[in-house]
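Please read the structure below before turning to the comments.
What follows draws every value from the coordinates through simple rules; no lab data is involved. Keep in mind that what you see is a predicted model, and the values were worked out from it rather than measured. Here the Cβ is made from the backbone with ideal geometry for all residues, glycine too, and neighbour counts use every protein chain on show.
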Amino acid sequence: MTDVRRQELALGGILLAEILLFAAIAPNFATPQNAAEIVRLGVESGLLAIALTPVVITGGIDLSSGALLGLAAVTWGALWRDAGWSPEAAAGGALTVGAAGGALNGWLIARWNLSPLIVTLGSLSLFRGLAEGLTGGVDNYTGLPARFLWLGQGFLGGVIPAQAPWLAVIALAYWLLLHRSVRGRTYFAIGNNAAASRFAGVPVPRRLLEIYIASGVLAALAAIIYVAHLGQAKADAGTGYELIAVTAVVLGGTAITGGRGTIAGTIIGLATMVVLQNGLRLAALPAELAGVLTGALLILAIGAPRVRALLANAPPQSGETGDDMRNSQLAVLCGVILASAALIAGSNWWLVRSVERGHGATSATTTPAAAAHVSVAMMPKAKGDPYFISCRQGAEDAARETGVDLIWDGPTELDPAKQNEVVEAWITRGVNVVAVSVENQAAMSTVLRKARGRGIKVLTWDADAEPDARDFLINQATPQGIGETLTDEAARLLGGSGDFAIVTASLSAANQNQWIAVIKARLAEKYPTLHLVAIRPSDGDRDRAFAETQTILKVYPKVRLIMGIAAPAVPGAAEAVRQSGRKDVVVTGLSLPNMCKPYVHDGTIGSVVLWNTRDLGYLTVRAAAALAGGTLSRGQSSFPAGRLGTLAVSGDQVLLGKPFVFTKANIDQFDF
Amino acid sequence: MRLSAGAWSRERPAALALAALLAVLSVAAPAFFSAGNLRDLVMASAAVQIVALGMTVVILTGEVDVSVGASFGLCAVLFGLLAQAGMPVPLAAVGAIFCGGLIGLVNGLLVGGLGLPSIVVTLALLAIVRDGQRWATEGAWVRDLPAGFQWFGLGQAGGETLVIAATALLVALLAWMLRSLPAGRAIYAVGSDAESARLAGLPPRLVVGSAFVTCGLLTGLAAVLNAIRFAEVPGALGAGLELKTIAAVIVGGTVITGGRGSVAGTVIGVALLGAIGTGLTFLGVSAYWEHALQGAIILAALLSDRALSRGRSAVA
């Protein structure tokens, strides 16, 4: 136990250091509101991590908990909205599904003695797949009753987040179970030696079954809190949470091989990760740092005791003896030192880079925001998406011209929960304007209203929130306009009739599903001889789009047109068509001109539909600066947008213009 | 060991599942077996197959490597950047493979050298490599590559032959090494029982370390062979590759705790998972149910195998 205790202390020290550091450099980090926000961020993944701790102590693992969270969330939504159950009854249904999912894992692992890693890997796919199948990927349950939302968004006594007591009660219960009960000792015994435990009279299969069921039930409880927190239930809820939970558990000193670990350690481990993320956000440092630092911390946490043992010249567990050991240990030590030196050098390089960038366009990290400048915080749906990368270039141009401090941050991949976290951090930090490309309307609107309540000006761009949650929408094109233009292009390229297929982003992507709905309506209304025969997902991955297109071409030989509606899907589909040698098939869709140029020139891509993304970013920051300076208000009919000239304002929307169709004739005039 | 009683018993469930799937396809969708589709299937599976070979070696030693997806993405982008900077394409490929080997070396030093649990080490490397790359490149694509990049300048037919030949050669080479070379047998020995292997004079830590380096090098090679199929390199590749390859290896009958399994099983596992994905489309299954069916097929294969082997002998 001493090793665990030591690791808890060391990790507690790191946590304290984090808190002191961020209190010094991150505006408004050390405030009660932010403390409440940090607790709120940790509840869902915390429940999964607590449930995972005894699983890992028995030498098992549960990778399916995030997927089970998603399945329980959509079950809740379906029971509540479609079956008309009350929120409480639906919650009971979701918990039952959680217990059933956990029981499936437990049964396969305990009864059939299958490896937990493989079983939960398989059930991860099964649970996520069931959630996608049941909702068709499309259904998003929103519009939840206020008393239910309170569970995830309200406060007890004005300061304590409403979901915090759940975490506290569960953590206490698990602590009592693991560290103060006979049953808890049997989990450790199983982890140390399952066979010996069985001979000592421990009912091993039953003990294993019960902890996997408990893990499933807690995943469902986390799902209910997640739904109330975000105000939506969708098939992709909780994606990747299992890895956060595993990291927290291991960071907290629980041995992945079983037999050793504590609940307190898990909670400190989780707090270290959540505080790190929150602090980096408030300090306007890139959130990717959190992943890099957590990874380094993980290696440090498990490596430090081993290195200490080596330094103390004690033989390692699987030890060799004699003098030759010294040589190998020395070599290992040198390797570790080299690796950590590389890590430190790397992180220094990154820090220097981010500071340099700070001098260029973004805010300096050490001065409090709003001291001298107007600060504009702008969020894409996904930072890694080439579409948003090109928006950012325009945004930075405008920031340079208008002299505002631009903070650019958001999820690396589509993630509605993370979007909320980032805006919450910006509210706490205290920026002048928030500009968001909204992934999840219901949940984001709540947070944006809160921002407006604090006197922050709010813009939405690219995708809108509810109208009363923002001051202006920077409108580049409506789903209606996009869907109709895409359909018209398909009709034009096909000569009015024929079969076509769509390669979309992920099956649950909100924007794409809106467009598909418009496309289907347009087909029914205007093009009865145009047939949409298949919709295939690409998950925003070019290689997947490539493979899916190859399959479509063979399964549906009559398809004459592929429509890609995610930026990487169009070049992926085009490459597949080109390599197939099928000259009779043409590609169109929504993408960036630069990605598609070679294919447009050789005729594989007939046309690309898009607006000027750089101008969209540029206009957003221009409007943000004007809003903060008081030169943009409702009732105006036009807005001088710098290099874009004067643009029309209609009510509470600034209009960029209609979607543009790029073809062989004009595509070379654009570079984005 | 797999050569003892019941040869091929480990590979059987995956082989039977594959045979059943192919039988259904041959009746319901004979177009699946067109030469063009089979070629595309092999091309699409080549990268997964090569990474899965590396994963087989790692899992045979009783360890696991979840950093392969992140490493795959980094190697691909590095390959593109080096080629873009004017380095001759074959040399850039060597650089990318070397990068994969380097990540494997870090894994190997920490797991083999320090004796740290591989799932934690490689999980940490996954976070560091992927988020580090995201920060450095911000997901930007590598474009404007030299003409000799796609298919190494050999044209589509030549390039496809190269990729398929290289994959087949690697499969044969690794199968032979694991079966017949002392180094290969050492991997089985260490995975079966590291302590006994050590007492028998084998260096378990060196064996484990080398397994990770091998896996890293193969991941780098897979990234290169995948990248040359296209004219540009996307900024985020390899997401989920670790789960795909681990699933293929395990479904193919290699035991996650090490010591038992074969290259043949991994080839069957990759083929099964690849055929499920495309095959379900051919059978007209909606994309929305694909994940659920994949999970159900994996669990059913595992369960039926276990149930059958219990029926056959009490020892299993």
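Taking the Cα of B:Ser304, stepping 7 Å toward and past its beta carbon, and measuring to each backbone N in the range B:226-251: which are under 20 Å?
B:247-251
Any chance you could give the angle, 0 to 90 degrees and rounded to 10, that helix A:510-526 forms with the longest Cα principal axis of chain A?
40
For the pair A:Val533/B:Asp193, report the inter-label distance in nm, with labels modelled 7 Å from Cα in the Cβ direction.
Inter-label distance under the simple model: 6.0 nm.
Run the reach check for A:Lys583 against lysines, Cα to Cα strictly under 29 Å, same-chain hits fewer than 8 apart removed. What comes back?
Result set, ordered by chain and number: A:Lys520, A:Lys526, A:Lys554, A:Lys558, A:Lys597, A:Lys664.
Run through the range A:60-129 and list the trypsin sites (Lys or Arg not before Pro) located in a DSSP loop whose Cβ has at most 12 other Cβ atoms within 10 Å.
Qualifying residues, ordered by number: none.
Quick check: pseudo-label points 7 Å beyond the Cα along Cα→Cβ at A:Ala173 and A:Asn28, how many nm apart are they?
3.6
Below 8 Å between Cα atoms, with a sequence gap of 6+, how large is the relative contact order for chain A in percent?
13 percent.
Straight-line reach from A:Lys234: which lysines fall under 20 Å, measuring Cα to Cα and dropping same-chain residues less than 8 apart?
By straight Cα distance, A:Lys234 reaches A:Lys381, A:Lys418.
Starting from the Kirkwood radius over alpha-carbon pairs of chain A, derive D by Stokes-Einstein at 37 °C in a medium of 0.692 mPa s and give it in µm² s⁻¹.
121
Net charge within 11 Å of B:Ile59 by Cβ-Cβ distance, Lys/Arg positive one each and Asp/Glu negative one each, not counting B:Ile59 itself?
Combined, the nearby Lys, Arg, Asp and Glu give -1.
What distance in nm separates the simple spin-label points at B:Leu206 and B:Ala28, each placed 7 Å from Cα in the Cβ direction?
5.3
How big is the charge dipole of the range A:504-640 about its Cα centre, in debye rounded to the nearest 20, if each Lys and Arg gets +1 on its Cβ and each Asp and Glu gets -1 on its Cβ?
Dipole magnitude for the range A:504-640 comes out near 260 debye.
Be a star and scan the range A:529-569 for residues whose amide nitrogen sits under 13 Å from the point 7 Å along the Cα-to-Cβ vector of A:Lys520.
Answer for the range A:529-569: A:532-536.
Kindly provide the pair-distance distribution of the range A:34-282 built from C-alpha pairs, with 10 Å bins from 0 and whole-percent values in order of increasing distance.
Using 10 Å bins, I get a P(r) of 8, 33, 35, 19, 5, 0 for the range A:34-282.
Give, in nm to one decimal, the length gained when the segment between A:Ala17 and A:Arg111 is fully stretched (0.36 nm per residue of separation minus the Cα-Cα distance).
29.3 nm
Based on Cβ point charges of +1 for Lys and Arg and -1 for Asp and Glu, what charge dipole magnitude is obtained for the protein assembly as shown about its Cα centre, in debye rounded to the nearest 20?
The dipole of the protein assembly as shown has a size of about 1480 debye.
I need two numbers for chain B: Rg to one decimal and Dmax as a whole number, Cα atoms only, in Å.
19.8, 63
For a quick check of your reading of the filter: which trypsin sites (Lys or Arg not before Pro) in the range A:179-218 sit in a DSSP loop and have no more than 11 other Cβ atoms within 10 Å?
Here the trypsin sites (Lys or Arg not before Pro) that fit, given the DSSP loop and packing criteria, are A:Arg180.
What number, rounded to the nearest 500 deg cm²/dmol, is the helix-based mean residue ellipticity at 222 nm of the protein assembly as shown, given -39500 (n - 2.57) per DSSP H run of at least four residues and division by all its residues?
It comes out at -21000 deg cm²/dmol, rounded to the nearest 500.
Once Lys and Arg get +1 and Asp and Glu get -1 on their Cβ, which of B:Gly259, A:Pro411, B:Ile128 lies farthest toward the positive end of the dipole of the protein assembly as shown?
The residue sitting farthest along the positive end of the dipole is B:Gly259.
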